[in-house]
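These notes are about the structure you will find just below.
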Amino acid sequence: MPHNFSSASCLRRAGPARIASPRETVIGLVKELDGKNGAPVDAVVSEAEKRGFNRESVLKLITGQLLDSGQLYEPKHGFVKIVKPSLSV
């Protein structure tokens, strides 16, 4: 059964008993798939689905939370990048 991000579900990663939140999982996929134009949203969603997450929940997390909160930005339609924190002087 696919995970629903609106619940408290988590994803278990290989290795030590490390639990990643849905937000951490999606951000990790964006980092992993990041290219010149960013990470293709379709690829991020597809990889999350392979890991058992619900497509609509992943899209909602990306568009309704991560983009809106400023953690991700869309440099080109259909691609996302992680916002790098600015260094204070």
With the crude spin-label approximation of a point 7 Å out along Cα→Cβ, what separation in nm comes out for K84 versus Q71?
2.0 nm
Stretchable slack from E24 to D42, in nm (0.36 nm times residue separation minus alpha-carbon distance):
4.7 nm
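Bear in mind that the values in this text are calculations on the coordinates, not laboratory data. Computed from a predicted model, the values in this text were never measured in an experiment. As a convention, Cβ positions derive from the backbone with ideal geometry for all residues, glycine included, and neighbour counts pool all protein chains shown.
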